[in-house]
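Okay, structure first, notes after.
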Amino acid sequence: MSECTHDCSTCSSNCASREKPQSLQIPANELSEVKHVIGVVSGKGGVGKSLVTSMLAVLLQREGYKVGILDADITGPSIPKAFGLHNVEVYGDDNGMIPPSSKTGIDMMSVNLLLGNDETKPVIWRGAMIAGTVQQFWKDTIWNVDVLLVDCPPGTGDVPLTVFQSLPLDGVVIVSSPQDLVSMIVSKAANMANMMNVPVLGLVENMSYVKCPDCGKEIKVFGESHIEEVAEKFGYDLLARIPMDSKLSALVDRGMIELMENDYLDRAAAAVIEKLNLTPNA
Ligand code: ADP
């Protein structure tokens, strides 16, 4: 039978190659040792995907895991900023790049670290270049971590899909906000994850509410959330509902997310540890 030329996982025809989907994964750097790779995905930009990635990294690091963050959100790279990493030199040689570390030892690679000191310069690249850069961050960086969190490009289009296909993801966390068309977004992300055979570790709703500083009442700025129904419909774990909290944005703006003191993602971190059966090196 002749080889088909399309993506067999999305069609219903009986192609010979359907049984053995071709892996599009890129090999890691020969000097890397990465035990687990977790993708953090969202339907669109600005919902707090990078914040959730950073907070999860901090919590896992506090639990004793060696953590890295691959900032695959090439056009909106905000990971180094949250950790206060500016103007750092990225060292490397023919073997690969050494990811710079945060104050508490979280390794990271981001286009912001490679753009010199001009963080304000917009990254206006075509999809193929964005996907190629992410692939380089995977194979040209020497990662030695228990957990690598990937802050994925937003959306479910071509670029996030390429990233999804290139990296050996053990699971994904889906981040949404109440004003998203959450059912549609979760369904698209779920399709993408199913296509790649990657388990969905759970859902995180961000900007769920604001707590009134006087009476403690939860004010639903974006209206009623549908995240619980959606979680139930898809059989996913609702890992967290994070409020809009000015302390969080202030920590990000000052590059001090590692000093955060809240329990918003404690259950999410515990669920990730349990679901992936993580064991720290220490
Ligand atoms: P994304 O990665 O989805 O594009 P970010 O994580 O960069 O979104 O968040 C966008 C902006 O909103 C950032 O300035 C971030 O600090 C702020 N932000 C996100 N979530 C919260 C929250 N729960 N409370 C306060 N500020 C938030």
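A few remarks follow.
- Residue selected from the range 40-64 under the condition among the charged types (D, E, K, R) and over 24 Å from T279 (Cα atoms), by the criterion farthest from the ligand (Cβ to nearest atom): K44
- Flag if T75 is among the hydroxyl-bearing types (S, T, Y), more than 9 Å from the ligand (Cβ to nearest atom) and under 16 Å from the mean Cα position of the chain (by Cα): yes
- Qualifying residue in the range 48-65 (condition: over 26 Å from D263 (Cβ atoms) and out of contact with any helix residue (DSSP H, G or I) (no Cβ under 9 Å at 6 or more places or on another chain)): no
- For P178, the requirement of being within 16 Å of the ligand (Cβ to nearest atom), touching a helix residue (DSSP H, G or I) at 6+ places or on another chain (Cβ under 9 Å), open to solvent by less than 40 Å² (accessible area, probe 1.4 Å) and assigned to a loop (DSSP other than H, G, I, E, B) is met.
- Residue in the range 15-29 that is modelled with pLDDT of 90 or more, open to solvent by 20 Å² or more (accessible area, probe 1.4 Å) and within 21 Å of D245 (Cβ to Cβ) present: no
- Being closer than 26 Å to F83 by Cβ and among the charged types (D, E, K, R) is a property that holds for D170.
The values are calculated or read from the model by the stated rules, or taken from the named source; none is laboratory data. Being a predicted model, the structure only gives us computed values, none of them experimental. Using ideal geometry, Cβ is built from the backbone for each residue, glycine included, and neighbour counts are taken over all protein chains shown. Just so you know, the surface numbers come from the protein's heavy atoms only, side chains and all, with ligands and any DNA or RNA stripped out. Shrake-Rupley method; radii C 1.70, N 1.55, O 1.52, S 1.80 Å.
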